[in-house]
1. Under a 5 Å amide H to amide H cut-off, with H placed in plane at 1.01 Å, what residues pair with residue 34 once short-range neighbours are removed?
2. What is the diffusion coefficient of the chain in µm²/s, taking the Kirkwood radius over Cα pairs and the Stokes-Einstein relation at 37 °C with a viscosity of 0.692 mPa s?
3. Could you go through the stretch 18-32 in sequence order and give the Karplus-derived ³J(HN,Hα) for each residue, using 6.51 cos²θ - 1.76 cosθ + 1.60 with θ = phi - 60°, rounded to whole Hz, and x for Gly and Pro?
4. HN-Hα J couplings of the stretch 39-54 from phi, Karplus 6.51/-1.76/1.60, θ = phi - 60°, integer Hz, Gly and Pro as x?
Amino acid sequence: MPGTLARPALTAADRCDRCGAAAKTRAVLPSGGELLFCGHHARAHETKLRELSVELVTES
């Protein structure tokens, strides 16, 4: 898709915005911003994030 910016893969330097653990999930907000979550916090907030039309991208 023209004009689409690819987001870089998560690295060991990417940390969860809630607790500082290694980030496993990127939550892309409708406004274009993003939040990073560890697996635990991604699962804990998944329902609310989906209600807000947030795109969740989980990496292994």
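Bear in mind these aren't lab numbers, they're just calculated from the coordinates by the rules spelled out. In this text the structure is predicted, and so the values were computed from the model without any measurement.
1. 29
2. 277 µm²/s
3. Coupling constants for the stretch 18-32: 9, 10, x, 6, 4, 6, 10, 10, 9, 9, 8, 6, x, 6, x Hz.
4. Using θ = phi - 60°, the values come out as x, 4, 6, 5, 5, 5, 10, 4, 4, 5, 4, 5, 4, 8, 6, 8 Hz.
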